[in-house]
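Step one of this worksheet: look at the structure below.
Each reported figure results from applying straightforward, stated rules to the coordinates on display, with no laboratory input. Please read these numbers as outputs of a predicted model, since none were measured by experiment. Note that we place each Cβ from the backbone using ideal geometry, even for glycine, and neighbour counts take in every protein chain shown.
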Amino acid sequence: MVGQRFVTLLSAHPWFRLTVIAASGRSAGKTYEEAVSGRWAMTAPLPETAKGLIVLDAAADAEKIAAQVDFCFCAVDMEKEAIRALEERYAKLECPIVSNNSANRWTEDVPMVVPELNPEHLAVIEAQRRRLGTKRGFIAVKSNCSIQSYAPALHPLLKYGVDRVLACTYQAISGAGKTFQRWPEMVDNLIPYIGGEEEKSEREPLRVWGKVEDGKIVPASAPLITTQCLRVPVSDGHTAAVFVKFREGCAPSLDQIREDWRTFRGRPQELNLPSAPKQFLHYFEEPDRPQARLDRDLEGGMAISLGRLRPDSQYDCKFVGLSHNTLRGAAGGGVLLAELLCAEGYI
Ligand SMILES: NC(=O)c1ccc[n+]([C@@H]2O[C@H](COP(=O)([O-])OP(=O)(O)OC[C@H]3O[C@@H](n4cnc5c(N)ncnc54)[C@H](OP(=O)(O)O)[C@@H]3O)[C@@H](O)[C@H]2O)c1
């Protein structure tokens, strides 16, 4: 699912040209068109430039692949240990890896970056290169898709002192690499469990908000975050219902919060990166927005849609957030991270 998004995004990218596609041994040796036959899940057609590429084996052909490319995007469904070994192998072959996988998200010297929120974490790459003994090669990862529906909205509010956050996420089936054809049990259904997702959703924002110290990322200790993550019958787009409590006496007004969202700009906007949304945090005044079908594709699926900001009887305020899980939350976020790595001189 994420790989198909990458292929689609890269077919028209102004800086990057797709030269190699690799997957498991099941696909190796086929043309990309044959390998995805019957499982192309994008609404856009299969790009002409990718159709005839012969799929290589990501593990068996690693040396050959690393020799042909400037860097590599990685999104694979494998055991964590095997992913860690695969990503490190490419880095040691001097091929930078921009990863969508969770395997290296807690490796101390691997930056986990949402480009608008913590671009300064890229500084740990120097320490990582020393550990790996590489000149060019390194691993940089993006965070889990679910946190992108609420962490970006909380980010400009941290300066007020956010004490506690409750977030319930309503996550699309493409987040499990599925479509309705391949997962008919999801039609007219809701599954109140996504393995490992709540732990990631509660912990990962704290790493994104952490600091670089002595070549490591030290996670932040606040705010406290609790979540429930549900799978819902939506093809694309993760929604979050979010409740926020500020430290005693620190709560900003709702107008101030909307203003902080409206004026927030990150490094990608400053650098005018090709995949950066112009307005990263978009607030909808209409009471029935954001909606997954209507709003997930805002600014190429790279903007975060927000709405329904209002007071709450137990927390200070509550709102709804939406982000496209395979664009901002996966391949698009990976492409934006690669653009940032190029612009900042790491690739
Ligand atoms: N879907 C999302 O919204 C999302 C968001 C953020 C992060 N992610 C992460 O991205 C990764 C991929 O997710 P997905 O949804 O794209 O999964 P997916 O649709 O199931 O695709 C998995 C891919 O991994 C390949 N693969 C499996 N075993 C392999 C091996 N031994 N060597 C090389 N390649 C192998 C498969 O190759 P074949 O095609 O040859 O079988 C397939 O192309 C996961 O780590 C997931 O957690 C997904």
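Looking at the range 252-347, I'd like the Rg to Rh ratio, where Rg is from alpha-carbon atoms and Rh is Kirkwood's inverse mean 1/r.
Values: Rg = 14.9 Å, Rh = 14.4 Å.
That ratio is 1.03, to two decimals.
Could I have the simple spin-label model distance between Ser313 and Leu206, label points 7 Å from Cα toward Cβ, reported in nm to one decimal?
Each label point lies 7 Å from its Cα, and together they span 3.0 nm.
For the range 249-254, take each phi angle, set θ = phi - 60°, evaluate the Karplus expression 6.51 cos²θ - 1.76 cosθ + 1.60, and give the result in whole Hz per residue in order, putting x for glycine and proline.
x, 9, 5, x, 6, 5
Find how many whole Å separate the alpha carbon centroid of the range 216-280 from the alpha carbon centroid of the range 131-210.
12
Through the Karplus equation 6.51 cos²θ - 1.76 cosθ + 1.60, θ set to phi - 60°, convert the phi angles of the range 310-324 into ³J(HN,Hα) values in whole Hz; use x for Gly and Pro.
Per-residue couplings from phi come out as 7, x, 10, 6, 10, 9, 6, 8, 8, 7, 10, x, 9, 9, 6 Hz.
Considering just Cα atoms, how many Å³ per residue does the convex hull of the chain enclose?
Taking only Cα atoms, the chain has a hull volume of 129 Å³ per residue.
Which value at 222 nm does the chain reach when only helices count, each DSSP H run of 4 or more adding -39,500 (n - 2.57), with the total divided by all residues and rounded to the nearest 500 deg cm²/dmol?
The per-residue figure over the chain is -7000 deg cm²/dmol.
Per-residue HN-Hα couplings for the range 189-202, Karplus 6.51 cos²θ - 1.76 cosθ + 1.60 at θ = phi - 60°, whole Hz, x for Gly and Pro?
In residue order, the calculated couplings are 9, 8, 10, x, 7, 10, x, x, 6, 5, 4, 4, 5, 8 Hz.
Stretch Gln279-Arg247 to full length: gain in nm at 0.36 nm per residue minus the Cα-Cα span?
8.7 nm
Give the cross-link partners of Lys92 among the lysines, using a straight C-alpha distance below 28 Å as the criterion and excluding same-chain residues fewer than 8 apart.
Partners within reach: Lys30, Lys64, Lys80, Lys135, Lys142, Lys200, Lys211, Lys216.
Relative contact order (percent) for the chain, with alpha-carbon contacts under 8 angstrom and 6 or more residues of separation?
18
Taking amide H positions as placed 1.01 Å from N in the peptide plane, with prolines and chain starts having none, which residues 5 or more places from Ile139, or on another chain, fall under 5 Å of its amide H?
For Ile139, the qualifying residues are Ile97.
Within the range 234-272, which GluC sites (Glu not before Pro) sit in a loop by DSSP and count at most 16 neighbouring Cβ atoms inside 10 Å?
The qualifying sites are Glu248.
Could you work out the per residue convex hull volume over the alpha carbons of the range 63-149, in cubic angstrom?
97
By how many degrees, 0 to 90 and rounded to 10, does the Cα axis of helix 80-92 deviate from the longest principal axis of the chain?
60
Would you mind giving the average projected area, over all directions, of the Cα convex hull of the range 146-324 in nm² with one decimal?
Seen from a random direction, the Cα hull of the range 146-324 projects 11.7 nm² on average.
If amide hydrogens are placed 1.01 Å from N in the peptide plane, which non-local residues have theirs closer than 5 Å to the one on Thr227?
Counting only residues 5 or more places away or on other chains, the set is Ala167.
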